[in-house]
Amino acid sequence: MATLLCASGCTLQTEADSPGSVETDADSTDTDLCSKAVTSPTVDPAARPIAFTSDRSGSFDLWLMGTDGSDVIQLTNSDEAEATPSWSPDGERLIFMSAVDLEISRADICVINADGTGLRNLTDTADVNEITPSWSPDGAQIVYGTLQGDAAQIHVMNSDGGERHLLTSDGTWPSWSPDGQRIVFSTSRGGSQESLWTVNRDGSGEALLADGESGLAEPAWSPDGKSIAYVATTGDPNASDPVEWNDDIFVMAADGGPGRRITRLPGNDHWPPAWSPDSAKLAITADGSENVGEILVIDLSTLATTNLTDSKANDMFPAWRQWPAVP
């Protein structure tokens, strides 16, 4: 579970976990991320509430689609890799990570309007990699991860990119509670396996939420506040073939306790699951036995699974638009 981010089926480890570091492109610090115009026509995000990353156009770009997988449209078109989108609470904008590549040799947090306009770099740093952003429920702040050397930390900034500050050290994959008061994240502090912790919005009150022998990571808080979905390894985490890691999706109560296993598919079902607005379904990335990412939706009452994408491309990192909110 040392994987932080990269294309389906590949690994990226922190320097603390790996004897070597990620090789960086010598020109990566000179790359202007989020600087290229998009080619998408103006679209109505309400008709396509699921955002995701795909390389079906030749590079990893952001796309939108309906909840049944229809009406797929490309939102960004650049040579960089755009990933881990997160919707604004009003459903009008997306924040995401723009990177030189998905091995994070250089990454910034960017924002774009859901109609394809207004692309802007919020962080624009050459010496810090900002990744995995998540919008606060009130729209005022963005929590995100940073990688700098062997340090993986979690920071918060205003939604316009201002007033950045450290929230907690040694953490990844932050996700807001729906009331905006707490953030759940994964960390390996205190051991070799990742566990889930929570912290208050102001950085106080850090507390262990759940741990396990296989490691728990990539949490996502449900819109109704009652549950947290996460990823745990059920196979061999040391296998050379990623398919044998067999990451699966689990759901537990928001205050901790045993998790309910949601997926039992071949290969890895991973990256933070995306909740439907009514907290009844999850959109997930499933790599399958071919180690190629596809996006599925799972009904949590029946565990019935529906493919939203089914192509030769890598489709991953779904984000489900939460507006209009469900009472």
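Quick one: what pairs do we get from the stretch 264-278, first residue in a strand (DSSP E or B), second at pLDDT below 95 and charged (D, E, K, R), C-beta under 7 Å, 6+ apart or different chains?
Pairs that qualify, where the first residue is in a strand (DSSP E or B) and the partner is at pLDDT below 95 and charged (D, E, K, R): there are none.
Out of the residues in the stretch 234-262 that are within 22 Å of V292 (Cβ to Cβ) and modelled with pLDDT of 95 or more, which is farthest from the chain's Cα centre (by Cα)?
The qualifying residue farthest from the chain's Cα centre (by Cα) is I262.
Considering only residues that are over 15 Å from P133 (Cβ atoms) and either modelled with pLDDT of 95 or more or in contact with a His (Cβ under 9 Å, 6 or more places away or on another chain) (or both), which ones fall in the stretch 168-179?
Within the stretch 168-179, T168, S177, P178, D179 qualify.
Please go through the stretch 272-307 and pick out each residue that is under 17 Å from W87 (Cβ atoms) and more than 18 Å from the chain's Cα centre (by Cα).
Hit for the stretch 272-307 is D278, nothing else.
What tally of residues in the stretch 209-246 results from selecting those that are in a loop (DSSP other than H, G, I, E, B) and either farther than 24 Å from D278 by Cα or touching a His at 6+ places or on another chain (Cβ under 9 Å) (or both)?
14
Output the residue which, of all residues in the stretch 45-91 that are at positive phi and over 14 Å from the mean Cα position of the chain (by Cα), is surrounded by the fewest Cβ atoms within 10 Å (Cβ to Cβ).
The selected residue is G58.
With the requirement that a residue be closer than 15 Å to V184 by Cα and either hydrophobic (A, V, I, L, M, F, W, C) or touching a Gly at 6+ places or on another chain (Cβ under 6 Å) (or both), what does the stretch 139-151 give you?
Correct list: I142, V143.
When T302 is evaluated against the numbered criteria (1) within 17 Å of P219 (Cβ to Cβ); (2) out of contact with any Leu (no Cβ under 8 Å at 6 or more places or on another chain); (3) at pLDDT 95 or above; (4) not charged (D, E, K, R), which criterion, by number, is the only one it fails?
Evaluating T302 over (1) within 17 Å of P219 (Cβ to Cβ); (2) out of contact with any Leu (no Cβ under 8 Å at 6 or more places or on another chain); (3) at pLDDT 95 or above; (4) not charged (D, E, K, R) leaves (1) as the failure.
Those residues that are in contact (Cβ under 8 Å) with a residue 60 or more places away in the chain, more than 14 Å from D247 (Cβ to Cβ), of a type outside the set (V, I, T) and not in a loop (DSSP other than H, G, I, E, B), I need them from the stretch 283-317; list them, please.
Residues satisfying the conditions are A283, N307, D315, F317.
How about the stretch 163-205: which of its residues are under 20 Å from A254 (Cα atoms), in a strand (DSSP E or B) and of a type in the set (G, A, S)?
If the condition is that a residue be under 20 Å from A254 (Cα atoms), in a strand (DSSP E or B) and of a type in the set (G, A, S), then S175, S186, S195 are the ones that fit.
The values are calculated or read from the model by the stated rules, or taken from the named source; none is laboratory data. Quick caveat: nothing in here was measured; it's all calculated off a predicted structure. All Cβ positions, even for glycine, are placed from backbone atoms using ideal geometry, and neighbour counts span all protein chains on display.
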